[in-house]
Amino acid sequence: MDDQFKIAIKYSGLVLDPDGAVAGHDAGATLVRRLLRVFPGAELIAPLIHHYPTFDVLPLEMVDADNTVVINMDVIDSTDAWMKLKANTDAPKLMNFMWWNWTRYNSTVELASLSLSCALFPTFANSERTAKAIQEYVRRWTIQPLAERARISWVNLGIRLEHLQPRHEPDRPVVLYPAIYLSERKQPQQFIEVVTRVAKRVPIRVEARLVEPHLVSPLAMTLSRNKWAWVGPLTPGRQQYWEALASTTAFLATAREETYGLEYIEALLAGAVGIFPDKEWAHALVPEDYPFFYRSLAEAEAMLLRAVTDTAACRAEMDQAAGGSLVDWLGRHHSDDAFESSIAQHVERWFHR
């Protein structure tokens with residue numbers, strides 16, 4: 001990256017703790033921290049103005065627009081952000097970071113706005129599936145001259161292998177709800193239905209760590225009423241998170257759609273047996289011959305039952321599908337280093353003087 005250019009990160013969900021650290025365990029907060037590692041000294045965009053030891057916070061209107069590349073994690077409002085930067089420079093430098101699920105939008109205005117943003121500004125996506133979806137949106141919702149000049153690239157977000165903790169097998173098998181939200185897209189009612197059936201057959205402990213607003217939702221209350229279930233807040237830090245994963249026996253994925261699926265990859269890396277729906281997004285995460293894809297809730301129940309009663313054999317099958325070691329396969333195909341290198345290279349390519 002040309003050292004004459006600074007980086008500013010725009011994320012509407014940004015929350016800072018009293019010490020100035022980026023707070024939160026959601027994917028957005030995690031990615032802001034990762035971008036700050038990739039671009040040390042990057043500024044964060046927020047309504048307030050504050051100086052912290054490692055970065056500054058300032059409104060978009062106060063960005064040095066001549067010498068700053070703005071990475072917009074919100075994406076849909078990039079046209080408006082560009083206009084604000086244009087007030088202070090003839091050539092605003094703005095790119096999209098498309099890291100969230102595009103299916104959240106379904107109205108004509110939203111879809112057209114998102115597509116136009118990705119047609120007008122360079123867009124870096126968190127996976128090949130996201131990039132292909134955005135390319136299709138741009139083709140369908142914008143005019144041909146814009147679609148032809150769209151710059152869309154991607155790399156898998158990847159995982160950091162150094163976080164991995166030694167396995168600690170629990171006395172009672174632990175089944176994880178592999179998300180922090182009980183949103184409709186995750187189909188948590190299907191998860192509850194399947195684990196309830198399995199819990200009637202064998203002793204298990206189900207764990208769900210949720211963001212605070214979802215802890216008091218009706219579905220959370222329904223799950224927590226079971227003696228075999230624990231529903232609680234997110235772990236306070238990354239080390240505690242990985243320690244909990246190291247004691248997880250299996251997880252059951254039920255999401256209708258995912259742009260990537262970092263939570264699933266991290267759980268697999270930690271040694272959990274992953275049970276997935278037979279969907280394109282899930283197949284994109286694991287080796288071609290991965291053995292645990294279900295087509296019905298009855299199949300999901302059978303696979304989860306086996307995962308908690310014959311865990312070692314299930315892990316052996318996962319390793320065999322990966323050519324010897326699933327951990328090694330994940331490390332090669334979901335490299336955090338590849339993400340950091342690729343996004344830095346694309347910023348350089350798109351905005352080099």
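Just one of the listed residues (GLY13, GLY24) is within 25 Å of ILE152 (Cα to Cα), in a loop (DSSP other than H, G, I, E, B) and at pLDDT below 95, and it is GLY13.
Every residue, every condition in (1) more than 20 Å from the chain's Cα centre (by Cα); (2) small (Gly, Ala, Ser), yes or no:
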site	(1), (2)
ALA27	no, yes
THR30	no, no
ILE45	yes, no
THR54	yes, no
LEU58	yes, no
GLU61	yes, no
ILE71	no, no
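Given the criteria part of a helix (DSSP H, G or I) and small (Gly, Ala, Ser), does ALA208 qualify? No.
Looking only at segment 88-121, residues that are more than 20 Å from the chain's Cα centre (by Cα) and either of a type in the set (S, T, N, Q) or in a loop (DSSP other than H, G, I, E, B) (or both) come to 12 in all.
Residue check: PRO213 meets all listed conditions (1) modelled with pLDDT of 95 or more; (2) farther than 24 Å from PHE292 by Cβ; (3) not hydrophobic (A, V, I, L, M, F, W, C) but one, namely (1).
Do we have any residue at all in segment 332-343 that's assigned by TED's automatic domain parsing to the domain that holds VAL206, modelled with pLDDT of 95 or more and in a helix (DSSP H, G or I)? No, there is no match, as no residue in segment 332-343 is assigned by TED's automatic domain parsing to the domain that holds VAL206, modelled with pLDDT of 95 or more and in a helix (DSSP H, G or I). Tell me yes or no: at least one residue of segment 68-87 is at pLDDT below 95, part of a loop (DSSP other than H, G, I, E, B), β-branched (Val, Ile, Thr) and assigned by TED's automatic domain parsing to the domain that holds THR108. No: zero hits.
Show the residue pairs that are 6+ apart or on different chains and have beta-carbon atoms under 6 Å apart, the first residue being within segment 286-297 and in contact (Cβ under 8 Å) with a residue 40 or more places away in the chain, the second being surrounded by 11 or more Cβ atoms within 10 Å (Cβ to Cβ) and in a helix (DSSP H, G or I). Hits for this filter: PRO287/ALA321; PRO287/TRP329; LEU297/VAL194.
Going by what's in this entry, would ARG349 be described as assigned to a helix (DSSP H, G or I), free of Cβ contacts under 8 Å to residues at least 24 places away in the same chain, surrounded by fewer than 16 Cβ atoms within 10 Å (Cβ to Cβ) and of a type in the set (Lys, Arg)? Answer is yes for this residue.
In segment 251-266, is there at least one residue being of a type in the set (Gly, Ala, Ser), surrounded by 19 or more Cβ atoms within 10 Å (Cβ to Cβ) and assigned to a helix (DSSP H, G or I)?
Scanning segment 251-266, I find no residue that is of a type in the set (Gly, Ala, Ser), surrounded by 19 or more Cβ atoms within 10 Å (Cβ to Cβ) and assigned to a helix (DSSP H, G or I), so the answer is no.
Can you tell me which residue is nearest to ASN72 (Cα to Cα) among those in segment 82-99 that are of a type outside the set (Lys, Arg) and surrounded by fewer than 20 Cβ atoms within 10 Å (Cβ to Cβ)? Residue satisfying both the conditions and the ranking: TRP82.
For the subset of segment 142-178 comprising residues that are small (Gly, Ala, Ser) and modelled with pLDDT of 95 or more, which member is nearest to SER217 (Cα to Cα)? Before the answer, list the steps.
Pass one, segment 142-178, residues small (Gly, Ala, Ser): 147, 150, 153, 158.
This time we only want the ones that are modelled with pLDDT of 95 or more, so: 147, 150, 153.
Values: ALA147: 42, ALA150: 41, SER153: 37 Å.
Among them, the one singled out is SER153.
Count, please, the residues in segment 152-183 that happen to be of a type outside the set (Ser, Thr, Tyr), surrounded by 21 or more Cβ atoms within 10 Å (Cβ to Cβ) and more than 21 Å from ARG129 (Cα to Cα). Summing the residues that are of a type outside the set (Ser, Thr, Tyr), surrounded by 21 or more Cβ atoms within 10 Å (Cβ to Cβ) and more than 21 Å from ARG129 (Cα to Cα) in segment 152-183 gives 5. I'd like to check something: does segment 184-197 contain any residue that is under 24 Å from the mean Cα position of the chain (by Cα), outside any helix (DSSP H, G or I), surrounded by 16 or more Cβ atoms within 10 Å (Cβ to Cβ) and of a type in the set (Val, Ile, Thr)? The answer is no; no qualifying residue exists.
The values are calculated or read from the model by the stated rules, or taken from the named source; none is laboratory data. Nothing here was measured: the structure is a model prediction, and the numbers come from that model. Glycine also receives a Cβ, built like all others from the backbone with ideal geometry; neighbour counts cover every protein chain displayed.
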